[in-house]
Amino acid sequence: MELLWEGIRKAFDLLRTLDPEVLGITLFTLKVTLLATLASLVLGLGAGLALALTQFPGRRVVISLVNTGMGLPPVVVGLFVTMFLWRNGPLGGFELLYTPSAIILAQTVIATPIITGISVAALQQLPPDLRLQILSLGATRPQMLWLLVREARLPLLAAVMAGFGGVISEVGASLMVGGNIKGSTRVLTTATVMETGKGNFDVAIALSLILLALTFAVNAVLTHIQQRERPR
Amino acid sequence: MTALLRAEDLLVRRGDATVLDVPGLELEEGGVLALIGPNGSGKSTLLKTLASLMAPARGTLLFRGEALRPEAYRRLVTMVFQAPLLFDATVRANLESGLKLHGVPAAERGTRVAAAARRLGVESLLDRSARNLSGGEAQRTALARAFVLRPEILFLDEPFSALDPPTREALLDDLAGVLRETRTATVIATHDQMEALRLADRIAVLREGRIVQYGPATEVINRPADAFVAEFVGMEAVLSGRVEGAGQGEFRVAAGGGFVVAAGEAVPGEEVRIGIRPENVTLSTQAEARSSARNSFSGTVTRIVPRGPFFKVELDCGFFLAAYVTPVSLEELGLAEGSRVVARFKATAVHLLRR
């Protein structure tokens with residue numbers, strides 16, 4: 001118990017003094033996670049619109065695969081991305097392994113199915129005739145898609161929150177494709193794993209608290225938008 | 001004269017099944033066409049095809065004689081569905097939505113929205129969220145959102161079927177008024193013949209994707225082409241005419257060289273449509289039989305059709321009239337096609353269908 005309190009006390013010291021290394025890891029984590037979420041949003045929303053609004057043979061199979069992908073284990077993603085980026089892998093020529101780009105790539109692979117799956121569900125909940133109603137009000141096709149997204153904005157924000165939550169908390173893929181290199185690819189989760197392994201509980205607790213605070217802050221902002229938008 | 005909208009050779013398939021097969025249909029400037037038929041008869045499909053919201057397997061749509069691109073055509077027309085399908089925003093934003101898509105400047109949007117809202121009675125709701133509207137308010141908002149666009153053609157897909165009767169009556173009255181004022185060409189799908197009679201000049205009856213009868217509203221109602229149409233629409237005799245005199249809770253409509261006296265309020269000079277149910281018409285062979293009925297017309301029997309436990313006797317009194325008669329009465333009166341009879345009905349049996 002004393003270990004815990006001591007750890008928490010030291011953690012607050014690190015935070016109070018704005019330890020440069022902790023601060024660096026935090027900002028890097030935020031940057032990588034937000035970029036990966038943004039990329040997943042673009043890909044996931046596009047795929048979600050396509051799956052929700054078009055009919056093609058095998059559509060149900062694709063939706064099932066996407067839904068399975070929502071629970072994709074990060075270590076599996078890490079393994080495959082590592083193999084793709086490996087020196088003689090298909091994308092080896094880009095020399096991305098153990099760079100921030102590799103982490104963004106792996107996290108995008110993790111979050112895209114999550115955002116796609118929730119987007120499909122959100123868009124399918126809209127009344128089927130709404131599309132026709134929008135077109136009959138004089139909308140072009142892109143305007144129609146935009147208005148549908150706007151109508152589904154509340155559940156779509158939930159998709160963004162789930163995607164963000166999925167990538168900021170994962171450790172396996174970031175560790176495997178990033179390598180936890182100090183000052184280059186070290187994120188909050190990989191650093192926490194490492195510090196815990198070394199017995200530096202104070203640092204690990206500090207990192208964990210930051211991770212929780214970040215997750216809370218981002219979700220609080222999105223929840224605020226979502227609830228403010230909800231008509232009373 | 002070129003029709004406002006002309007559909008030629010429309011064919012819609014779903015899988016291998018033909019769901020709509022319409023060789024030709026026309027809508028005139030200012031005309032109101034009702035598509036009536038049971039559920040699954042293809043009304044909605046025809047409506048969506050005419051509104052260019054659904055691509056037919058075959059066929060053409062000509063707007064004032066021109067085949068337009070669907071996007072261009074859809075900017076000239078609009079549609080109101082059975083569900084209001086409002087955007088999750090205020091009533092005002094909903095009314096503005098189409099105008100924004102049409103690129104109407106903000107200042108003009110304001111005045112047009114205010115006018116449409118006033119006309120459909122949603123003025124006081126403009127700043128409310130569309131989520132908190134009653135069914136009737138929501139459908140009024142949907143209609144206002146359509147009328148504010150000043151469409152060349154308005155398509156209505158059973159817009160009242162989800163509403164309770166009093167709400168629906170009030171909204172029907174308002175819609176009839178707006179259509180009369182704006183002379184907006186309209187196609188309305190409905191399974192309610194009263195709705196069709198209140199609004200439409202012409203009726204097309206659909207069955208299994210085909211038009212089984214098409215013509216002026218009174219003709220379709222009075223002279224159903226077959227048993228199917230009769231079952232669907234042939235409930236009563238309907239006639240159109242001008243109000244010649246009114247007062248003391250009654251009005252008179254010129255018909256067949258005489259007048260039909262009806263209970264109710266109307267303004268002299270008004271063109272109206274009135275309905276007389278066959279069960280309210282009694283027949284006799286003597287002209288001077290005593291009766292309290294205000295209306296008495298002599299006529300010729302044109303057709304006798306069995307209708308359940310009764311016979312429906314159709315008459316030509318200078319206008320169309322029908323009466324239900326029991327088999328016993330039919331025999332006693334000795335009725336046959338060509339017989340001369342006197343038909344009587346009370347002023348209260350006449351109802352005003354449309355102003």
Next item on the list: Being surrounded by 16 or more Cβ atoms within 10 Å (Cβ to Cβ) and either among the small types (Gly, Ala, Ser) or touching a strand residue (DSSP E or B) at 6+ places or on another chain (Cβ under 8 Å) (or both) is the filter here, so list the residues in the stretch A:1-38 that pass it.
Entry: A:7, A:11, A:36
Notebook entry, point to check: Can you name the condition, by its number, that residue B:214 falls short on among (1) at pLDDT 90 or above; (2) open to solvent by less than 10 Å² (accessible area, probe 1.4 Å); (3) more than 13 Å from every other protein chain (Cβ to nearest Cβ)?
Noted result: (2)
Notebook entry, point to check: If you check every pair at least six apart or on different chains, which have Cβ atoms under 8 Å apart with a residue in the stretch A:142-161 that is more than 12 Å from chain B (Cβ to nearest Cβ) and closer than 29 Å to residue A:217 by Cβ first and a residue that is among the polar types (S, T, N, Q) and part of a helix (DSSP H, G or I) second?
Noted result: A:156/A:119; A:157/A:226; A:158/A:226; A:159/A:119; A:160/A:37; A:161/A:219; A:161/A:223
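Which members of the stretch A:98-125 meet the condition of being open to solvent by 30 Å² or more (accessible area, probe 1.4 Å) and either within 14 Å of chain B (Cβ to nearest Cβ) or among the aliphatic types (A, V, I, L, M) (or both)?
Correct list: A:104, A:105, A:109, A:118, A:121, A:125.
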Check: Looking at the stretch B:97-140, which of the residues that are over 26 Å from residue B:164 (Cα atoms) and in a loop (DSSP other than H, G, I, E, B) is farthest from the other protein chains (Cβ to nearest Cβ)?
Finding: B:105
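In the stretch B:245-355, which strands (runs of 3 or more DSSP E) lie fully inside it and hold 2 or more residues that are acidic (Asp, Glu)?
Correct list: B:310-316.
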Item checked: Filter pass, residue B:149 being of a type outside the set (Gly, Ala, Ser), open to solvent by less than 10 Å² (accessible area, probe 1.4 Å) and either closer than 22 Å to residue B:5 by Cβ or in a helix (DSSP H, G or I) (or both) -> no
Check: Which of the following residues is closer than 27 Å to residue A:222 by Cα and in contact with a helix residue (DSSP H, G or I) (Cβ under 9 Å, 6 or more places away or on another chain): A:15, A:4, A:27?
Finding: A:15
Notebook entry, point to check: Has the stretch B:239-258 got any residue that is farther than 18 Å from residue B:318 by Cα, surrounded by 15 or more Cβ atoms within 10 Å (Cβ to Cβ) and in contact with a Leu (Cβ under 8 Å, 6 or more places away or on another chain)?
Noted result: no
Note to self: Looking at the structure I just gave you, is residue B:68 touching a residue at least 24 places away in the same chain (Cβ under 8 Å) and in the same structural domain as residue B:148 (by TED's automatic domain parsing)?
What the structure shows: no
Notebook entry, point to check: For residues in the stretch B:89-140 being closer than 18 Å to residue A:150 by Cβ and of a type in the set (S, T, N, Q), which is least open to solvent (accessible area, probe 1.4 Å)?
Noted result: B:94
Checklist line | So residue A:183, is it free of Cβ contacts under 8 Å to residues at least 60 places away in the same chain, of a type outside the set (A, V, I, L, M, F, W, C) and surrounded by fewer than 18 Cβ atoms within 10 Å (Cβ to Cβ) | finding: no
Checklist line | Residue match in the stretch B:72-91 (condition: over 18 Å from the mean Cα position of the chain (by Cα) and more than 14 Å from every other protein chain (Cβ to nearest Cβ)) | finding: no
Check: Does the stretch A:126-134 include one or more residues that are more than 30 Å from residue B:144 (Cα to Cα), surrounded by fewer than 21 Cβ atoms within 10 Å (Cβ to Cβ) and either within 14 Å of another protein chain (Cβ to nearest Cβ) or not aliphatic (A, V, I, L, M) (or both)?
Finding: no
Note to self: Within the stretch B:26-62, take every residue that is in contact with a helix residue (DSSP H, G or I) (Cβ under 6 Å, 6 or more places away or on another chain) and away from chain A (no Cβ under 14 Å) and give me the one that is surrounded by the most Cβ atoms within 10 Å (Cβ to Cβ).
What the structure shows: B:35
Checklist line | Of the criteria (1) out of contact with any helix residue (DSSP H, G or I) (no Cβ under 8 Å at 6 or more places or on another chain); (2) farther than 22 Å from residue A:41 by Cβ, which one residue A:54 fails | finding: (2)
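Residues that are out of contact with any Leu (no Cβ under 7 Å at 6 or more places or on another chain), assigned to a loop (DSSP other than H, G, I, E, B), at pLDDT below 90 and open to solvent by 20 Å² or more (accessible area, probe 1.4 Å): does the stretch A:216-229 have at least one?
Checked the stretch A:216-229: no residue is out of contact with any Leu (no Cβ under 7 Å at 6 or more places or on another chain), assigned to a loop (DSSP other than H, G, I, E, B), at pLDDT below 90 and open to solvent by 20 Å² or more (accessible area, probe 1.4 Å).
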Notebook entry, point to check: Failed condition for residue B:178, given (1) open to solvent by 60 Å² or more (accessible area, probe 1.4 Å); (2) under 26 Å from residue B:146 (Cα atoms), with all others met?
Noted result: (1)
Note to self: Please go through (1) under 23 Å from residue B:39 (Cβ atoms); (2) away from every other protein chain (no Cβ under 14 Å); (3) touching a Leu at 6+ places or on another chain (Cβ under 7 Å) for residue B:157 and return the number of the only condition it doesn't satisfy.
What the structure shows: (2)
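Going by what's in this entry, would residue A:78 be described as open to solvent by less than 80 Å² (accessible area, probe 1.4 Å), over 25 Å from residue A:33 (Cβ atoms) and touching a helix residue (DSSP H, G or I) at 6+ places or on another chain (Cβ under 7 Å)?
no
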Notebook entry, point to check: Quick one: which of B:303, B:340 is basic (Lys, Arg), closer than 20 Å to residue B:255 by Cα and surrounded by fewer than 17 Cβ atoms within 10 Å (Cβ to Cβ)?
Noted result: B:340
Notebook entry, point to check: List pairs: first in the stretch B:134-153 and on the phi > 0 side of the Ramachandran plot, second in a loop (DSSP other than H, G, I, E, B) and of a type outside the set (D, E, K, R), Cβ under 9 Å, 6+ apart or cross-chain?
Noted result: B:150/B:184
Margin query: On the basis of being touching a Gly at 6+ places or on another chain (Cβ under 9 Å), within 22 Å of residue B:5 (Cβ to Cβ) and either at pLDDT 85 or above or not basic (Lys, Arg) (or both), does residue B:180 make the cut?
Written below: no
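The values are calculated or read from the model by the stated rules, or taken from the named source; none is laboratory data. This is a predicted model, so every value here is computed, not measured. Cβ coordinates were reconstructed from backbone atoms using ideal geometry, including for glycine residues, and neighbour counts include every protein chain displayed. For the accessible areas, the whole protein counts, side chains as well, though only heavy atoms, and no ligand, DNA or RNA atoms are used. Shrake-Rupley method; radii C 1.70, N 1.55, O 1.52, S 1.80 Å.
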